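**Q** Sharing a structure here in structure tokens format.
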Amino acid sequence: MLTGKIAIVTGSTSGIGLATAEALAAKGCTLVVNSYSDSQQDHAVATQLAEKHGVEAVYIKADMAKPDECRDLIEKAVARFGSVDVLVNNAGIQFVAPVEEFPAERWDAIIAINLSSAFHTTAAAIPHMKASGWGRIVNIASAHGLRASPNKSAYVAAKHGVVGLTKTVALELAGQGVTCNAVCPGFVLTPLVETQIEDRSREAGLDRETTIRDIILAKQPSKQFATVAEIGAAVAFLCSNDAAQITGTTLSVDGGWTAQ
Ligand code: NAD
């Protein structure tokens, strides 16, 4: 159990982030839910988590594209709950285009949200984790942090960067009770992937089922999506005391993709 540990999950109003928040709340964590939209629905996510799991949970708006807001998220959480014990860097976006056609604005946004935000939140969280002598940082990287695919230059570069950041932070914190690891999902059926299914299906003129089997899951030997709950469970394990000596590594949840 992680009873009373204070956990921040970036980008946690949908998909993998929400399932991770659920998994941590189920272990007894106090939760900080985040996105950039500050809608009623966003706040409702925190309320529902609190009611379902009997934990405290708040929603804090912060745009992970903005360095100051990344750092403020940590400080606002500390102001509210006194510290931060678990940081899950999950917020992420995708854009697909050949590198010569890739809009520079999309490149910048993906590097900012998928990579630089993890640097800023981690830098702000570390002093608090060091002070308490216990901390868990989990970065949601991707199979694309370990392998490349065409037309995903910014995403692949960002996710490889996340894996590099993970290893470096782990070395800097080794022996101080604070671990840093990356979870590398293969394809998981979330809004981020739904968009890719729709786009690829339209481009190839194929139905949804064929697109999923022959295009989306072409590299995933299990031919099954990983579930958001499976990713949340992997994160929760890395946050447990049993994982105290696991640091600086990647945990693939990818149906065999990166075994190839
Ligand atoms: P999703 O679109 O369901 O969720 C993304 C979350 O990030 C949302 O909650 C959104 O509000 C938040 N977000 C986006 N931009 C933000 C910003 N500027 N500031 C704050 N929050 C922001 O996608 P998902 O599939 O659940 O993706 C979550 C993470 O998992 C991402 O880092 C993604 O790269 C990674 N991932 C996903 C898959 C997959 O197949 N779905 C595979 C590997 C890795």
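**Q** For region 174-246, with only Lys/Arg (+1) and Asp/Glu (-1) charged at the beta-carbon, what is the dipole magnitude about the Cα centre, in debye rounded to 20?
**A** That gives region 174-246 a dipole magnitude of about 140 debye.
**Q** Suppose only helical runs count, i.e. DSSP H with n ≥ 4. What mean residue ellipticity at 222 nm does that imply for the chain under -39500 (n - 2.57) per run, divided by all residues and rounded to the nearest 500 deg cm²/dmol?
**A** Using -39500 (n - 2.57) per qualifying helix, the result is -13500 deg cm²/dmol.
**Q** Can you list residues whose amide H is under 5 Å from Val178's amide H, if they're 5+ apart or on another chain and H is modeled 1.01 Å from N?
**A** Excluding prolines and chain starts, which carry no amide H, the hits are Gly135.
**Q** Let me ask another. Give me the count of lysine pairs in the chain whose alpha carbons sit under 25 angstrom apart, restricted to pairs 8 or more positions apart or on different chains.
**A** 27
**Q** With a 1.4 Å probe and every protein chain left in place, work out the accessible area per residue of the chain in Å², rounded to a whole number.
**A** 44
**Q** Now for a different question. Given a 1.4 angstrom probe, I'd like the percentage of the accessible area of the chain that is carbon and sulfur, rounded to a whole number.
**A** Carbon and sulfur atoms account for 53 percent of the accessible area of the chain.
**Q** Among the complete DSSP H segments of the chain, which ones combine at least 24 Å of alpha-carbon extent along their axis with a mean Kyte-Doolittle hydropathy of 0.0 or more?
**A** Once both thresholds are applied, what remains is 153-173.
**Q** Students often get this wrong: which residues of region 98-115 have the backbone nitrogen under 20 Å from the point 7 angstrom along Cα-to-C-beta of Ala123?
**A** Residues 108-115 fall inside that zone.
**Q** Restricting to the chain, what percent of DSSP beta bridges are antiparallel, rounded to 5?
**A** The antiparallel fraction comes to roughly 0 percent.
**Q** How large is the dipole of the chain about the Cα centre if only Lys and Arg carry +1 and Asp and Glu carry -1, each at its Cβ, rounded to the nearest 20 debye?
**A** In debye, rounded to 20, the chain gives about 600.
**Q** Towards the positive end of the charge dipole of region 105-238, with charges on Cβ (+1 Lys, Arg; -1 Asp, Glu), say which of Met129, Gln224, His144 has the farthest Cα.
**A** Met129
**Q** Could you tell me the center-to-center distance, by alpha carbons, between region 74-137 and region 209-260 in angstrom?
**A** Spelled out, the Cα-based centre of one part sits 20 Å from the other.
**Q** Please identify every one of the trypsin sites (Lys or Arg not before Pro) in region 181-260 that sits in a loop by DSSP and has no more than 13 other beta carbons within 10 Å of its own beta carbon.
**A** Counting only loop positions with at most 13 other Cβ atoms within 10 Å, the trypsin sites (Lys or Arg not before Pro) in region 181-260 are Lys223.
**Q** May I pose another question? Taking the Cβ of Leu146 as the center, what net charge do the other residues with Cβ under 14 Å away carry, scoring Lys and Arg +1 and Asp and Glu -1?
**A** With Lys, Arg at +1 and Asp, Glu at -1, the net is +4.
The values are calculated or read from the model by the stated rules, or taken from the named source; none is laboratory data. Just so it is clear, the structure is predicted and the values come from calculations on it, not from any experiment. Counting neighbours? That spans all protein chains shown, and the Cβs are built from the backbone with ideal geometry, glycine included. Heads up: the accessible areas ignore ligands, DNA and RNA and are worked out on the full protein's heavy atoms, side chains in. Shrake-Rupley method; radii C 1.70, N 1.55, O 1.52, S 1.80 Å.
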